[in-house]
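Okay, structure first, notes after.
The values are calculated or read from the model by the stated rules, or taken from the named source; none is laboratory data. Quantities reported herein were computed from a predicted structural model and do not represent experimental measurements. Cβ coordinates were reconstructed from backbone atoms using ideal geometry, including for glycine residues, and neighbour counts include every protein chain displayed. Side chains included, ligands, DNA and RNA excluded: accessible areas come from the protein's heavy atoms. Shrake-Rupley method; radii C 1.70, N 1.55, O 1.52, S 1.80 Å.
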Amino acid sequence: MQAVEAARIHVRRRRPYTRYVITRTRSRNACSAIVALCALAASIVTLSSQGTQTAEQRCASAATIAGKELPNSATQIVSAMHRQASPLQPFGDPALPEHCEVLGRMGERTGADKQRYAINFRLRLPVEWNGRLFFDGGSETNGFVGNAHGDLQGNQPTAALTLGYAVVAQDSGHDNRTNNDPKRGGAHSFGFDPEARLDFGYRSYDEVTRAAKAIIARHYGRSVEKSYFAGCGEGGREGMALARRFPQHFDGILACAPGVHLPQAALGALADSRAFAAVARTFGATDPEGRPLLPKAFTDEDLALVGGAVLEACDRLDGLVDGLSQNFTGCTDAVVLPQLKAITCKAEKTPQCLAAAQVTAITTVMSGAKLPDGRLVYAPRVWDPGIGGRMRLGFNQGWRSWKLGNYTSRTNNSLDLAVASGAVASIFTSPPTAVDPAEGPVAYGLAVNLAQAARAMTVPSGIFRESAVDFMRADATDLAAFRDRGGKMIIIHGAADPVFSLADTVDWWNALNKAEAGRAANFARVYAVPGMNHRGGGPSTDQFDAFAALVEWVEKGTAPDRIIATARAATMWPGRTRPLCPYPQRARYSASGRIEDAANFECR
């Protein structure tokens, strides 16, 4: 009783709201003896005060949280702004609830490259909180603080914030506006600082997660009950990496189109660009600098021929001719190449056939990027009709925008060359390479020594004490800690993804399943989306609520045996539904009922 008395709570009422102040006796020894009781008393007072504060007042108090109250004492709360509820926005942003928007910064420093760095984050705290945290994954090489609305992935019309989640997003330790040296790769120039590389690879996600949970506990007076991470592409890689590096942080992880081996995929993209450059040279297509003009390697009609050949070869393999190739494991070179051979021009190139150089290039790319000695740089790809073809309004551009660029362009504008060149030069090789701005990413991407770059991804060098393969690692199969605490992971991947290979993701899951003695599906499942390009698009059913399935799995123990997906208006069959099935199962028609309805399909 004396100990409790030592932590007496005095309540003083002040207008316009009630403030509660904890006053302790001078005896530090008494308080230290009852740390747990002190903490309990503090939480009770916080909860009581929240009951009398307005939302604006509670938000304003978030700005007063000091670094010493947070896991990283170098954390600063830059601002805390109360936001009123907002309606659905005209450009697709979801309706948002009343909330507090907190901007924070941590770890300000000067890097080895003399640039200023910090980890910046945005945390949105809804007035009506559901007790859960949602971490918004990044994209490409990050460098900007996301909007922290809570992208549920799967082209969902709402957001996690709208559903009552506290949502956090961050820039992974660099800012594309300020860490942007044109002589060192522009927005990729953070790769010249070893600490910025590690923040990008994994460290910032740990720091921001711990800070967000502490701020949430302070703001609401109670701890986070469940935590979720969702991201696509680079964000998907982040989620997979977190399951191994920080298994205690998240209960559920949704990884869409993950870059399981992202540095290798970037180098593989440059190897693919060379295959298409060879076709452009055959056609005599050059850009203003005299380099091969990749967009001219295939017309939209040419890619439609490729997609059509794949469809002809593989559509029926799943037991139903419906414009979707569900059996991607059976859609192999053995069944596709004869169809490509059948449409190869016997003489001059015409719109009705493919040049031999085009068939060679597409076959080379789909078989996996290789070094001159035959070693794989990156995984083979899955043959899928989503490579090209007609959509409801024009041709599908999802695959070609990455691999080739817009056909009408007079310059090389493929995303592969624009994104992968800078990433390989500045971030994924040690030491980094300064690319002459006068030459630009196209020249570097088409000329880089692939074998040397592949080796430079795997070794530390000087101040760069971790190789890119190490700090970007997302392929761990030792996930026992994540599994044992009840963690669940859902991975969604488009079969026609031009950036990261579905085959690479499936190979990882097979290795995980082997490590788990055939029981990986108890906590981690992969779902392929036939026809889907990177993140969405293509002739596919690319609208799905995988996040809701993840929450059901985490919180109710209901494993998702199927996830219903819908085709959007851009496809030839808007409104069509299909089940996405956990690999190695696939959707099979039950032989009766409308083929547009997922209810008439089974996963087996």
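Taking the square roots of five times each eigenvalue of the Cα gyration tensor of segment 386-478, the equivalent ellipsoid has semi-axes of 31, 19, 9 Å, listed largest first.
Against the chain, whose longest principal axis comes from its Cα atoms, helix 234-245 is set at around 60 degrees.
Reported value for the chain: 175 Å³ per residue, from the convex hull of its C-alpha atoms. The slack between Gln89 and Ala569, meaning 0.36 nm per residue of separation minus the straight C-alpha distance, is 170.8 nm.
Assuming charge only on the beta carbon of Lys and Arg (+1) and of Asp and Glu (-1), the dipole of the chain about its Cα centre is about 1800 debye to the nearest 20. Please give every one of the aspartates and glutamates within straight-line cross-link reach of Lys514, meaning a C-alpha to C-alpha distance under 16 Å, and leave out same-chain neighbours fewer than 8 residues apart. Those aspartates and glutamates meeting the cut-off are Asp475, Asp478, Asp504. Across segment 227-283 the C-alpha pair distances fall into 10 Å bins from zero in the proportions 23, 35, 20, 14, 7, 1 percent. The GluC sites (Glu not before Pro) of segment 520-604 that DSSP puts in a loop, and whose beta carbon has at most 16 other beta carbons within 10 Å, are Glu596.
Here the Debye sum runs over all C-alpha atoms of segment 310-468 as equal scatterers in vacuum, and log10 of I(q)/I(0) at q = 0.11, 0.19 Å⁻¹ comes out as -0.60, -1.29.
Straight-distance candidates among the aspartates and glutamates for linking to Lys341, with alpha-carbon spacing under 12 Å and chain neighbours fewer than 8 residues away dropped: Asp333. Quick note on segment 492-561: its Rg to Rh ratio, both from C-alpha atoms and Rh being the Kirkwood radius, is 1.01.
Over the residues of the chain, the helix contribution to mean residue ellipticity at 222 nm works out to -9000 deg cm²/dmol, using -39500 (n - 2.57) for each DSSP H run of at least 4. Compared with the dominant principal axis of the Cα atoms in the chain, helix 262-283 is inclined by about 30°. A convex hull fitted around the alpha carbon atoms of segment 453-534 yields 121 Å³ per residue. The heavy atoms of Lys556 present about 140 square angstrom of accessible area, all protein chains included, probe 1.4 Å.
What you get for segment 520-604, charging only the Cβ of Lys and Arg (+1) and of Asp and Glu (-1), is a dipole of about 220 debye around the Cα centre.
Angle of helix 204-220 to the longest C-alpha principal axis of the chain, folded into 0 to 90 degrees and rounded to 10: 40°.
Dividing the alpha-carbon Rg of segment 118-239 by 2.2 N^0.38 Å yields what? Ratio of Cα Rg to 2.2 N^0.38 Å: 1.09.
The residue list Ala169, Ile492, Gly538 was ranked by how far each Cα lies along the charge dipole of the chain toward its positive end, using unit charges on Cβ atoms, and Ala169 comes out on top. Relative to the 2.2 N^0.38 Å rule of thumb, segment 87-154 has a C-alpha radius of gyration ratio of 1.38.
For segment 209-317, the spherically averaged projection of the C-alpha convex hull amounts to 12.4 nm². Taking 18 Å as the limit for the C-alpha separation, the pairs Lys183/Lys370; Lys296/Lys403; Lys226/Lys488; Lys226/Lys556; Lys68/Lys226 exceed it in the case of Lys183/Lys370; Lys68/Lys226.
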